[in-house]
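Working notes for the structure below.
The values are calculated or read from the model by the stated rules, or taken from the named source; none is laboratory data. Being a predicted model, the structure only gives us computed values, none of them experimental. All Cβ positions, glycine included, derive from the backbone under ideal geometry; neighbour counts span all protein chains shown.
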Amino acid sequence: MSNPSLRTSAPDTVLQVSALLPALENALSERYRTVRLPELSDPAGYLRDHGKDVVAAVTSARVGVGDDLMDALPRLGAIVHFGVGYETTDVVRARARGIDVSNTPDVLTDCVADLAVGALIDVMRRMSAADRYVRAGGWDTAPFPLASRVSGKRVGILGLGRIGRAVAQRLDGFGVHVSYCTRSPVPGVDYRHLPTAKALAEACDALVVTVAGGSGTEGLVSASVLDALGPQGYLVNVARGSVVDEPALVAAVEAGGIAGAALDVFTDEPNVPRALLESDRVVLLPHIASATRETRAAMGDLALRNLERYLTEGALLTPVPEASRSAH
């Protein structure tokens with residue numbers, strides 16, 4: 001996989017835009033002429049003097065490549081994302097400049113789906129709350145309050161892509177009634193399709209959010225959607241914090257407008273609203289849906305193979321699909 005010519009064909013440079021998995025960072029340094037932007041004492045000066053040397057950028061899904069950085073790299077040909085998300089990069093803008101963009105799909109699907117289902121069970125059965133109850137000595141004085149059953153419930157999935165389908169497949173084993181919302185019905189899928197997020201929320205006991213992030217889905221889970229979910233309904237978000245109107249969610253939690261929420265993502269990570277921190281009906285996770293050793297290693301390997309493919313053949317292994325490009 002290595003490309004020794006890059007070591008002697010300066011000034012072609014790979015720019016590491018953000019902190020990455022240590023194994024991936026080491027591989028980048030060993031195989032390519034790599035510059036780590038976060039470690040530079042004068043990033044602006046480097047980009048001014050050497051931005052023309054950069055032919056590829058490797059970044060995290062959380063950081064992406066902003067417009068200003070893109071403009072500072074006139075020879076940039078590829079943006080390689082470590083992660084399935086890419087909404088932090090303006091893909092349409094990149095494509096207009098002839099820059100291709102990749103992500104790491106599929107390899108994290110199972111772990112994200114596992115966590116989504118685990119979070120759903122946790123918030124409905126109140127497992128984390130029960131753990132805290134025992135540790136605080138509450139069991140010594142009174143039984144833990146009754147929770148809600150998961151099996152047989154109506155679960156709506158907002159976004160039925162790879163991860164949404166994997167969540168649905170897992171929930172089939174619980175005998176739940178799955179519905180979903182996408183822009184149009186997914187061919188070959190037997191689950192009930194509903195046309196809007198509000199209609200989906202009205203028809204389910206729990207709403208699992210797996211839709212892609214970006215401007216097209218910002219605030220999709222709005223106050224009206226949460227109202228439709230109602231005081232007996234549960235929200236699980238393993239997508240992006242931007243998809244949920246966070247102030248509306250805080251208001252719903254404080255007023256008992258929904259029964260509970262399990263959240264792996266937030267609007268301004270790692271900052272979590274105090275009302276969510278203080279609520280015993282909310283399960284809070286530090287953006288760990290794909291955070292297993294196995295999945296992160298697979299993500300790093302796929303990102304590296306994307307970079308290798310571009311630098312040797314001029315094409316990416318897993319480019320962002322055309323349909324996704326237009327969605328942004």
Which of (1) buried (at least 21 other Cβ atoms within 10 Å of the Cβ); (2) at pLDDT below 95; (3) more than 20 Å from the chain's Cα centre (by Cα) does residue 32 not meet, given it meets every other one? (2)
Taking residue 303 as the residue in question, decide whether it is closer than 20 Å to residue 105 by Cα, modelled with pLDDT of 95 or more and either aromatic (Phe, Trp, Tyr) or in contact with a strand residue (DSSP E or B) (Cβ under 8 Å, 6 or more places away or on another chain) (or both). yes
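What tally of residues in the range 274-297 results from selecting those that are outside any loop (DSSP other than H, G, I, E, B), hydrophobic (A, V, I, L, M, F, W, C) and touching a residue at least 24 places away in the same chain (Cβ under 8 Å)?
5
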Check residue 93 against each of (1) within 16 Å of residue 16 (Cα to Cα); (2) surrounded by fewer than 18 Cβ atoms within 10 Å (Cβ to Cβ) and name the one condition it does not meet. (1)
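Take the residues of the range 260-273 that are assigned to a strand (DSSP E or B) and under 14 Å from the mean Cα position of the chain (by Cα): which is surrounded by the fewest Cβ atoms within 10 Å (Cβ to Cβ)? First the steps, then the outcome.
Residues of the range 260-273 that are assigned to a strand (DSSP E or B), as a first pass: 260-263, 268, 271.
Next cut, under 14 Å from the mean Cα position of the chain (by Cα) only: 263, 268.
Values: 263: 23, 268: 10.
Only one residue fits best here, namely 268.
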Name the one entry in 10, 23, 44 that is at pLDDT below 95 and surrounded by fewer than 14 Cβ atoms within 10 Å (Cβ to Cβ). 10
Verdict on residue 257 being more than 20 Å from the chain's Cα centre (by Cα) and buried (at least 21 other Cβ atoms within 10 Å of the Cβ): no
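Among the residues of the range 127-149, write down those that are under 20 Å from residue 175 (Cα atoms) and touching a residue at least 40 places away in the same chain (Cβ under 8 Å). Outline the logic, then answer.
In the first step, residues of the range 127-149 are kept if they are under 20 Å from residue 175 (Cα atoms); the result is 147-149.
Matches in the range 127-149: 148 only.
Here's the yes/no breakdown for (1) more than 26 Å from residue 61 (Cβ to Cβ); (2) in contact (Cβ under 8 Å) with a residue 60 or more places away in the chain; (3) buried (at least 24 other Cβ atoms within 10 Å of the Cβ); (4) out of contact with any Lys or Arg (no Cβ under 6 Å at 6 or more places or on another chain):
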| site | (1), (2), (3), (4) |
| --- | --- |
| 179 | yes, no, no, no |
| 182 | no, no, no, yes |
| 187 | yes, no, no, yes |
| 196 | yes, no, no, yes |
| 227 | yes, no, no, yes |
| 230 | yes, no, no, yes |
| 238 | no, yes, yes, yes |
| 244 | no, no, yes, yes |
| 253 | yes, no, no, yes |
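Every residue, every condition in (1) crowded, with 21+ Cβ neighbours inside 10 Å; (2) out of contact with any Pro (no Cβ under 6 Å at 6 or more places or on another chain); (3) of a type outside the set (Gly, Ala, Ser), yes or no:
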residue	(1), (2), (3)
98	no, yes, no
105	no, yes, yes
115	yes, yes, yes
130	no, yes, no
135	no, yes, yes
143	no, yes, yes
148	no, yes, no
154	no, yes, yes
157	yes, yes, yes
Residues (more than 25 Å from the chain's Cα centre (by Cα) and either hydroxyl-bearing (Ser, Thr, Tyr) or closer than 17 Å to residue 262 by Cα (or both)) located in the range 130-160: 130, 131, 132, 133, 141, 147, 148, 149, 151, 153
Looking only at the range 216-233, count how many residues are over 13 Å from residue 248 (Cβ atoms) and among the small types (Gly, Ala, Ser). 3
Return a yes/no flag: does the range 47-61 have any residue that is modelled with pLDDT of 95 or more, surrounded by fewer than 21 Cβ atoms within 10 Å (Cβ to Cβ), farther than 16 Å from residue 304 by Cβ and under 22 Å from the mean Cα position of the chain (by Cα). no
